[in-house]
1. Tell me the carbon and sulfur percent of the accessible area for segment 65-216, rounded to whole percent, probe radius 1.4 Å.
2. Shape verdict for segment 96-145, please, from the Cα gyration tensor: rounded (a/c under 1.5), prolate (a/b greater than b/c) or oblate.
3. What is the set of long-range amide H partners of Met144 at a cut-off below 5 Å, with H atoms built 1.01 Å from backbone N?
4. Projected area of segment 67-164, taken from the Cα convex hull and averaged over every viewing direction, in nm²?
5. Quote the relative contact order of segment 94-164 in percent (integer), defining contacts as alpha-carbon pairs under 8 Å separated by 6+ residues.
Amino acid sequence: MASAMAHELSQPLTAASNYLETSIAAVRRCVEALEDLAGTLESAARQNNRSIDLVRRMRNFVVSGAVQTRAEPLAPMISTAWTTIGAGSDVALELDLQPDAAAVLADRIHIETVLTNLLRNAVQAMDGAAEKRIRVATWREDEMVFVRVADSGPGVAAEIADRLFEPLFTTQPRGSGLGLPISRTIVEAHGGALWLETPVAERGADFVFALPGAQD
């Protein structure tokens, strides 16, 4: 659990650190940059508040094994996760969010954590790719809402596909091997599921998770 917390906290804290470094640079550019400075400081404050909220939610989750859910829109959670990972301008994010799959029953912080892990993995998987594109799509089937995160990277080799959700297994030099196992545990605690879905074109990786949909 300590490793998991360290892994998850590193995301918003790294983002906050980046915002603060930008603020310092803005101060050195003097008065003309005050507006930019205010914006980056606000972003840093939001990321630190998210860290505090994450600690509280994860602590409660460990103690009780349950999550408190309510209707949450997916679009803002995707936006927050995308901001947190700080993907470069060379990575395109495409959204295809169906109106009947706009909201889920979820703990917002927990599902933002899942989205952050999947989006970061997608960005890392495309390192060195000529085209860097991530497509997030949602759709609804009966009472469940499905979310697909697909990248344009080289895909997942068959020999490691079955190990992706093993704790501490990673293909990234600086990876912890905790992101996907934590994400699956969170989704399952919400009454859903998370899995790797091989695309028909055998190019890129598609991760899909399902959560109970919120009523309109």
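The values are calculated or read from the model by the stated rules, or taken from the named source; none is laboratory data. Because the structure is a prediction, the values reported are computed rather than measured. For the accessible areas, the whole protein counts, side chains as well, though only heavy atoms, and no ligand, DNA or RNA atoms are used. Shrake-Rupley method; radii C 1.70, N 1.55, O 1.52, S 1.80 Å.
1. The computed percentage sits at 50.
2. oblate
3. Distant-sequence amide H within range of Met144: Gly213.
4. 7.2 nm²
5. 37 percent
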